[in-house]
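Take a look at the structure below.
The values are calculated or read from the model by the stated rules, or taken from the named source; none is laboratory data. These figures come from a predicted structure and were not determined experimentally. Neighbour counts are summed over all protein chains in view; Cβ atoms, including those assigned to glycine, are modelled from backbone coordinates with ideal geometry.
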Amino acid sequence: MLFMYGWSPTLILLGFAPKVAAGMNAFAVTPPSFLAPLPHLPTAIWDIPLTISLVLVGSLGAFAGARITSLYVPPNRLRQLFGILIVVMTGYKLATLIL
């Protein structure tokens, strides 16, 4: 159940409600995600058509995937799949650090 909300298990263990912990996590992660590329913008070379197409296709894919998932994947199965994904990716990360 803790992995269902991303990296907020620590906040849940500290007594925050899961939705509040997820919101706090999103609030803490969003600004650095958008501010990190700022130092690189002056030297960046942008292919505007490629950028626009990637943003459009990525947005449409995200919305379509969320819609399809909400209609056809039961919440418990989604939690299981997300938990499996977290375990697999953690194992991969540990393997790449060790080997």
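Residue pairs whose Cβ atoms lie under 7 Å apart, sitting 6 or more positions apart in sequence or on different chains, and linking a residue in region 55-81 that is closer than 18 Å to P18 by Cβ to a partner that is part of a helix (DSSP H, G or I), are L78/T69; R79/M4. The residues listed here are A62, A66, A26; of these, the one that is assigned by TED's automatic domain parsing to the domain that holds I12, of a type outside the set (K, R), surrounded by 10 or more Cβ atoms within 10 Å (Cβ to Cβ) and under 28 Å from I12 (Cβ atoms) is A26. Is one or more of the residues making up region 1-18 at positive phi, surrounded by 10 or more Cβ atoms within 10 Å (Cβ to Cβ) and modelled with pLDDT under 90? Yes: one or more hits. Among the conditions (1) closer than 18 Å to R79 by Cβ; (2) modelled with pLDDT of 90 or more, T43 misses just one, which is (1). Within region 40-55, is even one residue closer than 30 Å to P9 by Cβ and either exposed (fewer than 10 other Cβ atoms within 10 Å of the Cβ) or outside the structural domain of T10 (by TED's automatic domain parsing) (or both)? No, that holds for no residue.
Could you tell me which of the residues L35, L71 is loosely packed, with under 10 Cβ neighbours inside 10 Å, out of contact with any helix residue (DSSP H, G or I) (no Cβ under 6 Å at 6 or more places or on another chain) and assigned by TED's automatic domain parsing to the domain that holds P9? Reasoning before the result, please.
Working: L71 fails: assigned by TED's automatic domain parsing to the domain that holds P9.
L35 is the lone residue from the list that is loosely packed, with under 10 Cβ neighbours inside 10 Å, out of contact with any helix residue (DSSP H, G or I) (no Cβ under 6 Å at 6 or more places or on another chain) and assigned by TED's automatic domain parsing to the domain that holds P9.
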